[in-house]
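Just below is one structure, and these are the notes that go with it.
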Amino acid sequence: MSGQEFKILCKAQKNEITELEIYSYLAKKEQYPENKEILNLIIKDEKRHYEFLKSLTKKDVKPDKCRVFLYIFLAKLLGRTFALKLMEKGEKLSQKTYAILEKYHPEFANIFHQEQKHERMLLNMLKEEKLEYVGSFILGLNDALVELTGALAGLTLSLVKTKLIAFVGLITGIAASLSMAASEYLSTKEEGTRNPLSSAFVTGLTYFLTVLILVSPFFIFKNNLLALLSSLLLGIVIILGFNYYVSVVKDISFKERFLEMLLISFGVAAFNFILGFLIKRYFNIEI
């Protein structure tokens, strides 16, 4: 075995033992029996992979403690499904590793490949309460972004004064968040699929927090155009972060969702900005 081959196999071995430690920690903390069973199945695969690689390298390796800490922290903060699927998208056995494995055990490269597919399938079977309310989260976030970016763009030119724009935007946003929460409560209660109070709370809170973030530049800056630009940039950051999260947990295209949400939100903002300009010009509003 060449030095390069040995290095690649050791890296793969380290990856397997690192993921094994992460899965083992999460399995110990798991409360749902069906989820614990799925995680234990994955743990068995990881152990088998590690032992096989160890038989080739003839050495033990230690897990990457930084990666272990990172993914456990992400699991606690953003949910187990997000952390594990993000990890699964990251460092997996490369084609170089498969090529080396085939030299020693031709059939084992295929086994590794099939078991990685099996792992992805098992991850999709995991149940997580947080994900049941992603729809409510999407509703609150999407509506707040579309409605408030549009409203703030229109108010920027028609009202001019930033603090006045901020207060009008905040009052509008609070009223809209309560309205959205009430609508989500009635809709979810009719469907009977989720807890209506929890769904309403998630939708209303998400809407309200998004409103606070978007109006904050108008409390900070005196220049209305600078405040609007800052608000739109914050909107881009929110859209970026949210769509990345959803793309990971739901295994969907990040680019398509991000561009769609961005175009809708900023399309409405552009329309309302022009509307505000026309209102100011033809009705001579100056506040």
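Among the candidates Ile17, Ile22, Ile43, which residue alone is of a type outside the set (D, E, K, R), within 16 Å of Lys85 (Cα to Cα) and crowded, with 20+ Cβ neighbours inside 10 Å?
Details: Ile17 fails: within 16 Å of Lys85 (Cα to Cα); Ile43 fails: crowded, with 20+ Cβ neighbours inside 10 Å.
After ruling out the rest, the residue left standing is Ile22.
Rundown of residues vs (1) touching a Leu at 6+ places or on another chain (Cβ under 9 Å); (2) at pLDDT 90 or above, yes/no style:
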| site | (1), (2) |
| --- | --- |
| Glu21 | no, yes |
| Leu41 | yes, no |
| Tyr50 | yes, no |
| Pro63 | yes, yes |
| Thr81 | yes, no |
| Glu88 | yes, no |
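Residue under question is Ser187, and the condition is that it be more than 22 Å from Ala269 (Cβ to Cβ), of a type in the set (S, T, N, Q), more than 24 Å from the chain's Cα centre (by Cα) and modelled with pLDDT under 90; does it hold?
On the way: more than 22 Å from Ala269 (Cβ to Cβ): yes; of a type in the set (S, T, N, Q): yes; more than 24 Å from the chain's Cα centre (by Cα): yes; modelled with pLDDT under 90: yes.
Taking the combined requirement at face value, the residue satisfies it.
Within region 136-153, the residues that satisfy the criterion of being more than 19 Å from the chain's Cα centre (by Cα) and either closer than 16 Å to Asn223 by Cβ or crowded, with 24+ Cβ neighbours inside 10 Å (or both) are Leu148, Thr149, Leu152, Ala153. Of the residues making up region 52-61, those that are surrounded by 15 or more Cβ atoms within 10 Å (Cβ to Cβ) and either at pLDDT 90 or above or of a type in the set (D, E, K, R) (or both) number 2.
Look at (1) within 19 Å of the chain's Cα centre (by Cα); (2) of a type outside the set (A, V, I, L, M, F, W, C); (3) assigned to a loop (DSSP other than H, G, I, E, B) and you find that Arg194 fails only one, number (1).
Cβ separations smaller than 6 Å between residues 6+ apart or across chains give the following pairs from region 236-264 residues that are without any contact (Cβ under 8 Å) to a residue 60 or more places away in the chain to residues that are among the charged types (D, E, K, R): Asn243/Arg257. Evaluation of Glu184 against the conditions (1) over 16 Å from Leu159 (Cα atoms); (2) in contact with a Gly (Cβ under 9 Å, 6 or more places away or on another chain); (3) in a helix (DSSP H, G or I); (4) in contact (Cβ under 8 Å) with a residue 60 or more places away in the chain shows that the sole unmet condition is (4).
Listed by first and then second residue, the pairs linking a residue in region 27-45 that is assigned by TED's automatic domain parsing to the domain that holds Leu84 to a residue that is among the hydrophobic types (A, V, I, L, M, F, W, C) and in a loop (DSSP other than H, G, I, E, B), with Cβ atoms under 9 Å apart and 6 or more places separating them unless they lie on different chains, are Tyr32/Leu126; Glu34/Leu126; Asn35/Leu126; Ile38/Leu126; Leu39/Leu126.
Note on region 133-159: residues that are polar (S, T, N, Q) and closer than 14 Å to Ala181 by Cβ total 1.
The values are calculated or read from the model by the stated rules, or taken from the named source; none is laboratory data. For clarity, every value in this text was computed on a predicted model and none was experimentally measured. So basically every Cβ, Gly included, is an ideal-geometry build from the backbone, and we count neighbours across all protein chains shown.
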